[in-house]
Amino acid sequence: MSRAFLVVMDSVGIGGAADADQFYNGTDPDIGANTVLHIAQACAAGQAEEGRSGALKVPTLDALGLGQAVELASGQHPPGLDATPIGRWGAATEISKGKDTPSGHWELAGLPVPWDWTYLPDTVPSFPDDITQRICDLAGTDGILGNCHSNGVRVIETFGAEHLRTGKPICYTSADSVLQIAAHEKAFGLDRLLKLCQDLAPTCHARRIGRVIARPFVGEEGSFERTTNRRDYAIAPPEPVLTNWVQDAGQAVIGIGKIGDIFSMAGIDEVQKGSDAQLMQHLADQIDTAPEGALIFANFVEFDSKYGHRRDVSGYARALEWFDGEIGRLLPRLKPDDLLLITADHGNDPTWTGTDHTRERVPVLVAGTGSGQIGHIGFVDVAASIAKHLGVASKGSGRSFL
């Protein structure tokens, strides 16, 4: 019996989304956003020299078809990614009306989002009064800090010291359907923060706000740092998805990274967490030990959380090069019947205006099923293809490319 490894490079988009004009960073539409292309161009132009130098060096991903996938998706070729692919490659297009983590992952798992998400307005305050009061009641405070659109680093820098003085949680949102709460792990308490977010989640989910995210941090004023104890409390998929299909067939499903949070543990037997470096070791261990018939579903988030939102081109390039090297070391350890599929859930072009995700197509790079172009596919076709490889029934609308 075969195994399947579905690996999501969070936010590694390849441009070309036909509906990019309907998605925005501030007042600017995402037309022309292309995460991989623009990073490769910046590297080639000597504009991404912090901690690395020269052209973007991702030989493993390029050999699987990344350069060709970018050109297929957007009509533009990334400089330096000129390999003739030895894997199967293509570009996937999303239909869900969101450019966020749940939308992308649910659709990759076979379920386009069946409703419109609720987005909180880019105003101050951003939250309805009753949600603000609910946070206060749950936290036992007489107010909150933030109540605005922001990225996570900036909001902690702005309100962290006041949070330590007052004990009020820092609450913020973004262009995604999300409400995030940041608090100091020691001064506020990690367990208290997690319970606050867990108890708040049903109120938000009832309004189709997709996630409540706990964002713990440590340190002192001037040196705050977010920790890896983030927790997402997401709406559960309303219908069975790939993880359920595999689990219902009696086969193991192992999540690596925030997969368990994204799917509210639907169809997932076990989750392994940590930094991206730790997640890579978990993936390596699963390649060596996962049982026959297993689905290993991994998300590597730091492309997005550390570099995309912060518009750090050099950091994003370093992350891609690190990931490429690690995957290159893992490929020879796959068993003959294994499939490893690398994709993404949306874009987050670090050269773009604003700090939010960008609406893009995503690469589909496959090792273990021969070579050749897959062409343009839907996100849902990823789930159908993995289901076919694992010998389980696909219950979604996708079509296998295998």
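The values are calculated or read from the model by the stated rules, or taken from the named source; none is laboratory data. As the structure is a prediction and not an experimental result, all values here were calculated from the model. When we count neighbours, we look across all protein chains shown, and the Cβ atoms used for this are built from the backbone with ideal geometry, even at glycine.
Here are some notes:
- Answer residue from the range 24-63, given it is among the polar types (S, T, N, Q) and under 19 Å from P363 (Cβ atoms) and is surrounded by the most Cβ atoms within 10 Å (Cβ to Cβ) among those: T35
- Yes/no for N244 being assigned to a helix (DSSP H, G or I) and either within 23 Å of the chain's Cα centre (by Cα) or among the acidic types (D, E) (or both): yes
- Any hit, the range 180-189, residues being closer than 22 Å to V7 by Cα and among the small types (G, A, S): no
- Count - residues of the range 183-199 that are assigned to a helix (DSSP H, G or I) and either aliphatic (A, V, I, L, M) or under 23 Å from the mean Cα position of the chain (by Cα) (or both): 7
- When the residues of the range 264-316 are filtered to those that are touching a residue at least 12 places away in the same chain (Cβ under 8 Å) and acidic (D, E), the one that is farthest from L339 (Cα to Cα) is D312.
- Every residue from the range 387-397 that is touching a helix residue (DSSP H, G or I) at 6+ places or on another chain (Cβ under 7 Å) and either closer than 16 Å to D345 by Cα or among the basic types (K, R) (or both): K395
- The range 364-402, residues that are charged (D, E, K, R) and in contact (Cβ under 8 Å) with a residue 40 or more places away in the chain: D381, K395
- Test: residue in the range 322-339 that is among the hydrophobic types (A, V, I, L, M, F, W, C), modelled with pLDDT of 95 or more and under 22 Å from P102 (Cα atoms): no
- Residue match in the range 204-223 (condition: closer than 23 Å to F297 by Cβ, more than 19 Å from the chain's Cα centre (by Cα), in contact (Cβ under 8 Å) with a residue 12 or more places away in the chain and surrounded by 15 or more Cβ atoms within 10 Å (Cβ to Cβ)): yes
- Some residue of the range 346-358 being farther than 30 Å from G46 by Cα, among the charged types (D, E, K, R) and at pLDDT 95 or above: no
- Cβ pairs under 9 Å, 6+ apart, first in the range 1-23 and more than 20 Å from T351 (Cα to Cα), second of a type in the set (F, W, Y): A4/F297; F5/F297; L6/F297; V7/F297; V7/F300; V8/F297; V8/F300
- Selection within the range 243-271 - of a type outside the set (G, A, S), buried (at least 20 other Cβ atoms within 10 Å of the Cβ) and closer than 16 Å to T101 by Cβ: T243, I256, K258, I259, D261, I262, F263, I268
- I213 assigned to a strand (DSSP E or B) and either modelled with pLDDT of 95 or more or among the β-branched types (V, I, T) (or both): yes
- Residue check, F188 more than 28 Å from G104 (Cβ to Cβ), crowded, with 20+ Cβ neighbours inside 10 Å and in contact (Cβ under 8 Å) with a residue 24 or more places away in the chain: yes
- Strands (runs of 3 or more DSSP E) (entirely within the range 254-344) containing at least 1 residues that are among the aromatic types (F, W, Y): 295-300
- Screening the range 281-321 for residues that are among the aliphatic types (A, V, I, L, M) and within 21 Å of G347 (Cα to Cα) and picking the one that is surrounded by the fewest Cβ atoms within 10 Å (Cβ to Cβ) gives V301.
- Considering (1) free of Cβ contacts under 8 Å to residues at least 60 places away in the same chain; (2) under 19 Å from the mean Cα position of the chain (by Cα), the lone condition that A63 does not fulfil carries the number (2).
- Top-ranked residue of the range 137-170 - restricted to ones that are in a strand (DSSP E or B) and either polar (S, T, N, Q) or within 21 Å of the chain's Cα centre (by Cα) (or both), ranked as farthest from T101 (Cα to Cα): N147
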